[in-house]
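The block underneath contains the structure these notes are about, expressed in structure tokens.
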Amino acid sequence: MPFEVQCDATPAGIRRVLSSIRTQLSERTLGGAETITIAELVLAEILNNISEHAYSNTDCGTINVMADDLVWAWQFHVFDQGMAIPEAVQLPTEAATPEASRLPESGFGLIIINTLADNLEYKRSNGTNHLSFVITKVPAPTPH
Amino acid sequence: MPFEVQCDATPAGIRRVLSSIRTQLSERTLGGAETITIAELVLAEILNNISEHAYSNTDCGTINVMADDLVWAWQFHVFDQGMAIPEAVQLPTEAATPEASRLPESGFGLIIINTLADNLEYKRSNGTNHLSFVITKVPAPTPH
Amino acid sequence: MRLTRTTTPAGLVLRVEEARIDAMAAIAFKDAMRAATQDETGRAILDLSEVTFIDSSGLGAIVAALKQMPDGTALELACLSSAVEKVFSLARMDTVFKIHKQLPVTYPADV
Amino acid sequence: MRLTRTTTPAGLVLRVEEARIDAMAAIAFKDAMRAATQDETGRAILDLSEVTFIDSSGLGAIVAALKQMPDGTALELACLSSAVEKVFSLARMDTVFKIHKQLPVTYPADV
Ligand SMILES: Nc1ncnc2c1ncn2[C@@H]1O[C@H](COP(=O)(O)OP(=O)(O)O)[C@@H](O)[C@H]1O
Ligand SMILES: Nc1ncnc2c1ncn2[C@@H]1O[C@H](COP(=O)(O)OP(=O)(O)O)[C@@H](O)[C@H]1O
């Protein structure tokens with residue numbers, strides 16, 4: 001069964017909505033703890049980016065998340081009314097080898113999103129950003 | 001004449017209250033543009049620190065600012081109900097010589113506060129932080 | 001951000017008493033780490049057994065904590081859950097920290 | 001954060017079209033700088049004539065913009081108001097950037 005939730009684009013709002021999504025995913029999934037962990041992490045990165053970047057010039061943005069329960073995956077849609085993602089933002093394929101003298105403290109979010117989410121798509125229309133992606137269901141370990 | 005203002009501990013709330021303080025200081029000061037600039041900068045650093053550190057675990061903090069017009073200086077009092085400033089926080093006396101390979105992107109706030117504000121005092125009672133300091137009035141350049 | 005400080009023969013153990021180091025907790029975590037390690041001279045071990053979730057901001061805060069350690073001290077990690085470990089390895093930060101599966105009981109002579 | 005991009009014989013000029021680079025604008029500024037300089041190969045000059053106020057977050061964002069410039073490119077500053085200049089000098093970041101009083105008209109032959 002699909003579900004839909006909304007939150008304020010603030011650290012506390014995001015923490016609350018992630019907890020509610022986790023609950024809803026657990027109720028709809030037998031086993032699959034790993035799938036839920038991965039979905040929560042990818043959603044956390046996407047929602048944080050919206051709050052920090054798309055809504056960087058305002059205190060009061062709203063984010064909507066829709067989740068569709070496919071047989072093999074969860075399909076997510078995330079909507080916000082913040083600034084568009086600039087074309088210059090490109091998905092890094094993987095993390096660079098860190099150099100001890102200049103360790104990065106940021107820039108990990110897109111790497112996490114890109115590695116864990118599939119079919120990532122971005123559209124913008126009428127001032128709304130729409131990001132969609134799927135998280136493949138990891139089969140629960142079979143008892144034997 | 002003294003005055004008092006309040007704001008939400010958010011980037012937008014702080015921007016608005018600084019603009020209102022700037023207006024009130026200008027109305028009460030003949031000339032003295034440099035004094036106002038210095039006061040705005042010190043207050044910006046103090047309010048940002050409260051919003052980022054003292055209220056780091058909440059979305060909804062409030063800050064109160066009181067200003068007293070002394071003959072030779074503006075005396076400010078800043079109140080918040082966030083976490084206490086840990087004793088470990090020490091005022092740096094001045095900025096370190098930057099090294100090209102590890103340029104800092106933060107940590108400049110306390111240096112600015114310490115260099116520009118005088119008589120800085122911190123007290124905490126009943127869950128309220130109280131920071132007070134003075135900004136010496138720079139005489140307006142005399143026409144000649 | 002609650003951080004429990006225990007001095008052990010193996011070094012200073014800092015145990016994070018929260019389930020999440022996320023965007024909301026990142027700054028408080030950095031501030032607590034700075035306060036807890038500022039007079040430190042040897043090795044500090046960050047015990048993450050209670051932490052079930054970190055995001056990229058939390059990871060950034062742990063890297064920042066490493067960078068703000070006093071000169072000559074080390075910051076190592078212990079007891080990462082599989083979710084936490086995954087974030088470190090995706091960002092390749094698992095090569096930057098010494099990671100212990102369990103809390104080291106004493107400082108091994110061969111390190 | 002509006003940033004106007006003009007290609008001149010002296011290099012790429014990026015003019016900040018806002019009065020404040022403060023805690024509220026810092027992330028948007030960094031993002032706009034990244035977008036504006038990512039295909040840059042030569043010198044970029046940040047024209048701050050419109051900027052009347054920066055705080056330490058804004059200063060941090062300008063330093064971050066310098067660090068995120070593509071390899072081999074330079075970031076220089078021009079037209080700092082006295083309030084902006086004060087922040088750079090208090091933090092000793094006036095030694096890290098080449099600072100021009102006015103926009104350089106052409107690339108001086110002796111630099
Ligand atoms: N929703 C978004 N809107 C605009 N820019 C974005 C968005 N998400 C990411 N970005 C850009 O991509 C960069 C890298 O993002 P990320 O890897 O999550 O790291 P961080 O957010 O820590 O900088 C950001 O600094 C920002 O410039
Ligand atoms: N009001 C405050 N409450 C708690 N900690 C603070 C406060 N102000 C400053 N600090 C501590 O002092 C450090 C340095 O502050 P600052 O120089 O303003 O730099 P920044 O805020 O960019 O880290 C902060 O990182 C924080 O640990």
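The values are calculated or read from the model by the stated rules, or taken from the named source; none is laboratory data. It should be emphasised that the depicted structure is a prediction, and the values quoted were computed from it without experimental measurement. So basically every Cβ, Gly included, is an ideal-geometry build from the backbone, and we count neighbours across all protein chains shown.
A few notes on this one:
Here is a yes/no grid of residues against (1) closer than 17 Å to residue D:67 by Cβ; (2) more than 9 Å from ligand 1 (Cβ to nearest atom); (3) at pLDDT 95 or above; (4) part of a helix (DSSP H, G or I):
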residue: A:82; (1), (2), (3), (4): no, no, yes, no
residue: A:86; (1), (2), (3), (4): no, no, no, no
residue: A:90; (1), (2), (3), (4): no, no, no, no
residue: A:94; (1), (2), (3), (4): no, yes, no, no
residue: A:97; (1), (2), (3), (4): no, yes, no, no
residue: A:101; (1), (2), (3), (4): yes, yes, no, yes
residue: A:107; (1), (2), (3), (4): yes, no, no, no
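- Here residue D:13 meets each of (1) surrounded by 17 or more Cβ atoms within 10 Å (Cβ to Cβ); (2) within 13 Å of the chain's Cα centre (by Cα); (3) closer than 21 Å to residue B:103 by Cβ with one exception, condition (3).
- Among all positions in the stretch C:36-46, there is at least one residue which is within 17 Å of residue C:17 (Cα to Cα), surrounded by 19 or more Cβ atoms within 10 Å (Cβ to Cβ) and within 14 Å of another protein chain (Cβ to nearest Cβ).
- Considering the conditions (1) at the interface with chain A (Cβ under 7 Å from one of its Cβ atoms); (2) touching a strand residue (DSSP E or B) at 6+ places or on another chain (Cβ under 7 Å); (3) not β-branched (Val, Ile, Thr), residue C:65 is excluded by exactly one of them, (1).
- Residue match in the stretch B:36-59 (condition: surrounded by fewer than 15 Cβ atoms within 10 Å (Cβ to Cβ) and not in a strand (DSSP E or B)): no
- Here residue D:88 meets each of (1) away from chain B (no Cβ under 13 Å); (2) in contact with a strand residue (DSSP E or B) (Cβ under 9 Å, 6 or more places away or on another chain); (3) outside any strand (DSSP E or B) with one exception, condition (1).
- The stretch A:16-35, residues that are free of Cβ contacts under 8 Å to residues at least 40 places away in the same chain and crowded, with 21+ Cβ neighbours inside 10 Å: A:18
- Checklist (1) of a type outside the set (Phe, Trp, Tyr); (2) within 11 Å of the chain's Cα centre (by Cα); (3) within 16 Å of ligand 2 (Cβ to nearest atom) applied to residue B:39, failing item: (3)
- Of all residues in the stretch D:75-85, those that are within 14 Å of the chain's Cα centre (by Cα) and not in a loop (DSSP other than H, G, I, E, B) total 6.
- Within the stretch D:52-66, one or more residues are more than 24 Å from residue A:102 (Cα to Cα), acidic (Asp, Glu) and touching a residue at least 24 places away in the same chain (Cβ under 8 Å).
- Every pair of residues 6+ apart whose Cβ atoms lie under 9 Å, when the first sits in the stretch A:81-100 and is facing another protein chain (nearest Cβ under 9 Å) while the second is among the aliphatic types (A, V, I, L, M) and assigned to a loop (DSSP other than H, G, I, E, B): A:95/C:91; A:98/C:91; A:98/C:96; A:100/C:96
- Search result, residues across the stretch C:9-33 that are away from chain A (no Cβ under 14 Å) and free of Cβ contacts under 8 Å to residues at least 60 places away in the same chain: C:12, C:14, C:15, C:16, C:17, C:31, C:32
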